[in-house]
Amino acid sequence: INHYQSSIIINHHYQSSSKVNTSKQYQEMAMQQGPGGMGPVMVLNQNTKRQTGRQAQLSNIGAARAVADIIRTTLGPRSMLKMLLDPMGGIVITNDGHCILREVDVSHPTAKSMMELSRAQDEEVGDGTTSVIILAGEMLVQAEPFLRHDFGMHPTVIVQAYHGALQTALEICEQQSITVDIHDTPRMTMLVQSAIGTKFSSRWNDKMVEMALQAVLTVARPSGNSSNGAAPEVDLKRYAKVEKIPGGEINDCTVLKGVMFNKDTTHSKMRRRIENPRILLLDSPLEYKKGESQTHVEITDEKDWNVMLKMEEQYVERMCSDIIALKPDIVITEKGVSDLAQHYLAKADITAFRRLRKTDNNRIARATGATICSRTDELQESDIGNNCGLFEMRKIGDEWFCFLDECRDPKACTIVLRGGSKDVLNEIERNLQDAMQVVRNVVYNPKLLPGGGATEMAVASGIRRAALKVQGIQQGPFTAVADGMEVIPRTLASNCGVSVIRTVTALRAKHAAVYEAAGADAESNPPKCHWGIDGTTGKLVTMEELGIWEPFSVKVQTIKTAIESACMILRIDDIVSGSKKK
């Protein structure tokens, strides 16, 4: 029954009255109607809202388009920033797709699932969070005409065509990719600049690029099965700590050849600068051990009280003498250090730090070559870390920081960020994380694809050619994926302020011309076409000339995630939402 027509329904049970209902009400009655001669059967709660069939699919597409439109303007070097107020009253200023969607509060279930896409993309490859949402939204918008007509296609036909187009897209990406050496600094620099050229920190590009490369190559180390050709291990979360200190300039940011933590020495007389220190790390307390549970001691003789105090002192003294026997310069423990232990250590000219975080202790162990010990009576010479070149206490602002710097071959580092305000520091940290993730991806999979919409246009051209071989009704949705891929160059052109239609048409012609120039070999050995859009000026350039490259893994993950999620959302034909009974 057409939604825009009214139907007159005559109720046969009650001949006395006739009622005019809309087709929607009629459908609901039909769904609830019980066996002949009986009233409606109420299956769902009265508060429940339900959308079914085409209505549900079109509602989902509308929600996906709305989410994509929120962050469409944040793509490319001419991107705009978004200012968001979080629930606690704080302000977030960013153009990072994942960060924006994390702060936006939505109620539509499909919009929520779209936001999960950017989170998955951020966790998997760390970049491309904006592109994946725009691409997924566009894939759903392209499917809308096939669903809208009265003779509309079944969603599973569209999904099947989308999966076929995805396989073609991945093959084209493989053909367009180039391999890179991770120690080729100029090419790696170009790669990181492409990743953060669209961000707030692009003014300090050279500094950020240098820091991202240095941090990742410091933390990278061969994995256990590197002999089998396995990728190296790069654990940025655990071993590359970002320390944000308000004040100073962004040019003061640096990556230490070692670690830094916000602690002062336990005793004012301890040394505050040592060259080539011997470092001992502990995770046990340097104080008298208290009972695990509540302990009561009954003393009948007053001399026993003094004996008990003496025993406590002797216990601490024995621990300190075990430490002093190894002649370390610095002792760092995760637990407490009693006043008596401080006295013994200061007397032996040993600098001590207490209550350090477990994560910081692990970083120090990896940077200095020390071993974290649990018992002082089992200490050995091999537990001492000798790789640190300089220990120094420095005051930044009102706080004292301990620097363990100039380490020989450190496999952990601290990144010190300085900036005018907390908002600036938070945004720079987000940009730096993206840059480091990009380098990490290339270390894992050293392949690059051209940026600036070149890969997307190459994929679109390839899918259009492949669509000519597709038989039957699947050809339409197969070609629609090619139109959807063009949303990236289209958005880049739009954000530059140039004529979108002229620019995209010219870019399409460039890609077609390269394919035709290859002649008969083009089918078996497709040519590489790296023509794209300069995101700053909006002109067409080759990506070799502009130097805009993206990691293969990021681009492939973006295309996979966008098309697969679009397929999942298209297969939803019933949305039931409502409050549960308390």
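Here are some notes:
- Restricting Ala120, Ala195, Ala165 to those that are over 28 Å from Lys237 (Cα atoms) and among the hydrophobic types (A, V, I, L, M, F, W, C) reduces the list to Ala165.
- Flag if Arg418 is at pLDDT below 90, outside any loop (DSSP other than H, G, I, E, B) and either open to solvent by less than 40 Å² (accessible area, probe 1.4 Å) or within 27 Å of Thr254 (Cα to Cα) (or both): yes
- Considering segment 427-457, the residues that are buried (at least 19 other Cβ atoms within 10 Å of the Cβ) and of a type in the set (S, T, N, Q) include one that is farthest from Leu390 (Cα to Cα), namely Thr455.
- Qualifying residue in segment 142-162 (condition: modelled with pLDDT of 85 or more, small (Gly, Ala, Ser) and open to solvent by 10 Å² or more (accessible area, probe 1.4 Å)): no
- Pairs meeting the criteria (first residue in segment 431-447 and part of a strand (DSSP E or B), second residue at pLDDT 80 or above and open to solvent by 10 Å² or more (accessible area, probe 1.4 Å), beta carbons under 6 Å, at least 6 apart or on different chains) are Lys447/Ser177; Lys447/Thr179; Lys447/Phe552.
- Residue that is over 29 Å from Thr189 (Cα atoms) and modelled with pLDDT of 90 or more, where the choices are Ala522, Ala509, Ala513: Ala509
- A count restricted to segment 391-400 and to residues that are open to solvent by 10 Å² or more (accessible area, probe 1.4 Å) and in contact (Cβ under 8 Å) with a residue 24 or more places away in the chain stands at 6.
- Scan of segment 325-374 for residues that are assigned to a helix (DSSP H, G or I), among the hydroxyl-bearing types (Ser, Thr, Tyr) and open to solvent by 30 Å² or more (accessible area, probe 1.4 Å), ordered by number: Tyr344, Thr359
- Residues in segment 467-490 that are of a type in the set (D, E, K, R) and surrounded by fewer than 17 Cβ atoms within 10 Å (Cβ to Cβ): 2 in all.
- Residue selected from segment 457-471 under the condition among the aliphatic types (A, V, I, L, M) and in contact with a helix residue (DSSP H, G or I) (Cβ under 6 Å, 6 or more places away or on another chain), by the criterion nearest to Thr505 (Cα to Cα): Met457
- Of all residues in segment 491-506 being within 15 Å of Trp531 (Cβ to Cβ) and under 31 Å from the mean Cα position of the chain (by Cα), the one that is surrounded by the most Cβ atoms within 10 Å (Cβ to Cβ): Leu492
- Total residues in segment 51-83 satisfying the condition of being farther than 29 Å from Val159 by Cβ and out of contact with any Gly (no Cβ under 9 Å at 6 or more places or on another chain): the figure is 5.
- Qualifying residue in segment 540-559 (condition: hydroxyl-bearing (Ser, Thr, Tyr), part of a loop (DSSP other than H, G, I, E, B) and in contact with a Pro (Cβ under 9 Å, 6 or more places away or on another chain)): no
The values are calculated or read from the model by the stated rules, or taken from the named source; none is laboratory data. All of these numbers come straight from a predicted model, not from anything done at the bench. Backbone-built Cβ (ideal geometry, glycine too); neighbour counts: all protein chains shown. Note: areas computed on protein heavy atoms with side chains; ligands, DNA, RNA excluded. Shrake-Rupley method; radii C 1.70, N 1.55, O 1.52, S 1.80 Å.
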